[in-house]
Structures are given as structure tokens and as C-alpha cells.
Amino acid sequence: MTVEAYGLPEHRRIVAASGLGLSTVPIDTQGATVSKLGDTDAVMLTPAHQFPLGVAMSPRRRTETIRWAADTAGLVIEDDYDGEFRYDRQPVGALQALAPEHVAYVGTASKSLAPGLRLAWLVLPAELTDEVVAAKARADRTNTLDQLTLAEFITSGAYDRHLRRSRHAYRRRRDRLVAALHQHAPDVRVTGVAAGLHAVVELPAGHDENHVIASAAQHDLAIETLNGYQRDDTPHGPALVVGYGTPPEHAFSSAVAKLCAAIRSAPLAPAP
Ligand SMILES: Cc1ncc(COP(=O)(O)O)c(C=O)c1O
């Protein structure tokens, strides 16, 4: 099983716990470098908005991915974790629609509603459906009431309205964060913000990202380093992954101000 060179540590742990061998595929400005997949049965990708780097997979790579799956009978697991939130570009179509027999699509309500709900959905190749339903039944019992409530939310049109409102609100937050960083921490570079609920903030070379994390934590801000999501041996320069969806509206401006202050206070990292 192959995962992207940057991603959620949980995914890596789940793969390891299932006893599968794990390899990584590097990411560049076009997304996962599918030509480097090597000998693997399955690959887990975030094509619409790479987590955490934020790039969208280019049309060429999407075609290469589908060709790889068709040529090798490999499985693509498409993790579309924040597909609802696109700001500066057209929504990216799901890979699953291009090759339904080779792609398992995974969506979640964790970003659009709340992670605590534990509601998500799969669109599976037909030949996997029975096996996955059985595995899910072994793993836990489904909360039918929550599912029916979500179904009602969707069919009534209220979910769509909620998404439109949230998209607008998150886009404004994204703009406020980028503008504040531009003004108060002009040496940083902000990337990956065309979609989703997080930004990658690259610090000037040599700056100590861990100092920023520690300083932010003193002000109750939970920020991660980009290197904390790294899964191979090619560390990135100092960078932060800043989620902007979490603070309540009344606390957002002060959270951004504290982040800028923490960045400005960062010394150069000690020489290795
Ligand atoms: C890359 C990625 N995949 C998936 C998820 C969703 O996980 P879950 O549905 O288990 O909350 C997240 C977090 O919301 C994520 O960042």
C-alpha cells in the first residue's frame, strides 16, 4: 500500500496496523508523482486538495493515475476530505467518476459539519462492496439515527445552503489570514490556500518552526509543523500547517494576531 509522502499520521498507523507493507509516493507541484508508484497494489491519494501541501492534482497526473490503476488492476483510494470548500478555482471532479471500478472514493462530514459526528461515506468498486460492508460491521455498529438525520438535511436542501454559507465564511477567514500574514509577517510564504480549511505557511529558511509552535501554544493556539506530516526522509524547510476553521468567529482576529506574533518571535534554528 502506498501513501503520499505527506499526509495524516493516522493513515500510516492504520495501514501498519492492518499488516500491509507501506511505501510513499513523492508530491510535487502537480500532486502525487504517479510515475514513481513502483510495485504496489493500492495507493491512497488526496487528488482534489493534497493534505497538507494543498496542491490539486493536474489533469495529466489524473490521467496517469487512472492508467496506472487500469494497467496494474491497482486500487486508488481517493480521500476527498474537504471537497466542499473550493475558493479560487472550479471544483475538481472526482477520480472515481473516471474509473469507478478502480477507485474507492471517501468523503466525510468532518470538515463540512463536525469531526465529532463520525459521519462519512464511500463510493466503492462493485466487487469490493460486500467485503467492505462486512468489515465495517465487524469494526463498529452504525448509528442509523445520525445517518437518517444527515439524509434529511441533504434532501431538504438545508445541507446545500449550509455549505454555501460555510464556503463564504471560510473564504473570508482565508482572506483575512493571508492579508494579516502579508502585513505582519511579510517574510513568510502562504501556499495551498485555493481550497480547504488550512494554509501552509513557509517560514524563511533557517527559522525555528518548533519555536513558533511552542510560542503559539502558550497562547492556546494548536498549530502543526509541516514536517510533522511528512512520511518519508526528505524534510521540507521550516513551515507550519495552520487550520483556520476552528476558532469561534469572535476569537478569530485575535488568534490570527497571536499567530503573527508567534512567527515574528521565532529565532533562527540552532545549527544541526
Ligand atoms: C487528509 C484527511 N483525510 C480525512 C480526514 C477526515 O477524517 P475523518 O472523516 O476520520 O474525521 C481528514 C480530517 O478531517 C483529513 O485531514
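Within the shell defined by Cβ-Cβ distances under 14 Å, the residues around C260 carry a net charge of +2, with Lys and Arg each +1 and Asp and Glu each -1. Counting charges near T225 (Lys, Arg +1; Asp, Glu -1) among other residues having Cβ under 14 Å from its Cβ returns a value of -3.
Among G83, G54, G19, the residue with the largest mean-square fluctuation in a Gaussian network model of the chain, with springs joining Cα atoms closer than 10 Å, is G19. Residues considered: N227, N210, N143. Largest GNM mean-square fluctuation over the chain, using C-alpha springs under 10 Å, is found at N143.
When you count the other C-beta atoms within 10 angstrom of each residue and take the mean per peptide, 125-136, 5-16 line up highest first as 5-16, 125-136. Across V241, V43, V92, mean-square fluctuation computed from a Gaussian network of the chain (C-alpha pairs under 10 Å connected) peaks at V92. With R₀ fixed at 45 Å, the C-beta to C-beta distance from E127 to Q183 puts the FRET efficiency at about 0.25. Against the main long axis of the alpha-carbon atoms of the chain, helix 209-218 sits at an angle near 80°.
Taking every C-alpha pair closer than 8 Å and separated by at least 6 residues, the mean separation divided by the residue count of the range 170-272 gives a relative contact order of 33 percent. Summarising the label geometry, the points placed 7 Å from Cα in the beta-carbon direction at N143 and A114 lie 0.9 nm from one another. Computed from point charges on the beta carbon alone (+1 for Lys and Arg, -1 for Asp and Glu), the dipole magnitude for the chain about its Cα centre is near 920 Debye.
Could you size up the charge dipole of the range 34-109 around its Cα centre, putting +1 on the beta carbon of Lys and Arg and -1 on that of Asp and Glu, and report it in debye to the nearest 20? Mind dumping the intermediate values first?
Values: 7 positive and 11 negative charges, 69 e Å.
Dipole about the Cα centre, nearest 20: 340 debye.
Taking the Cα centre of the range 1-148 as origin and assigning +1 to Lys and Arg Cβ atoms and -1 to Asp and Glu Cβ atoms, the resulting dipole is close to 280 debye.
Taken as Cα centroids, the range 1-77 and the range 229-268 sit 26 Å apart, rounded to the nearest whole angstrom. In summary, the range 80-227 shows an alpha-carbon radius of gyration equal to 1.31 times the 2.2 N^0.38 Å reference for compact globular proteins. What is the range 81-146 by shape, rounded, prolate or oblate, if you read a ≥ b ≥ c off the alpha carbon gyration tensor as root eigenvalues and call it rounded for a/c under 1.5, prolate for a/b larger than b/c, and oblate otherwise? Oblate, because a/c is 1.5 or more while a/b does not exceed b/c.
Over the chain, all Cα pairs binned in 5 Å intervals from 0 give whole-percent P(r) values of 1, 5, 11, 15, 17, 16, 14, 10, 6, 3, 1, 0, listed from short to long. For the chain, the longest principal axis of the Cα atoms and the long axis of helix 59-72 meet at an angle of about 40 degrees. According to the Kirkwood relation over distinct C-alpha pairs, the hydrodynamic radius of the range 190-253 is 12.7 Å.
Between the residues L122, M44, Y159, the greatest Cα displacement towards the positive end of the dipole of the chain, with unit charges on the Cβ of Lys, Arg, Asp and Glu, is found for Y159. Quotient of the Cα radius of gyration of the range 28-159 and 2.2 N^0.38 Å, N being its number of residues: 1.13.
Laboratory data are not the source of any read-out in this text; all were calculated from the coordinates shown. Computed from a prediction, not measured in an experiment: that's the story for all the values here. Note: ideal-geometry Cβ built from the backbone for every residue, glycine included; neighbour counts use all protein chains shown.
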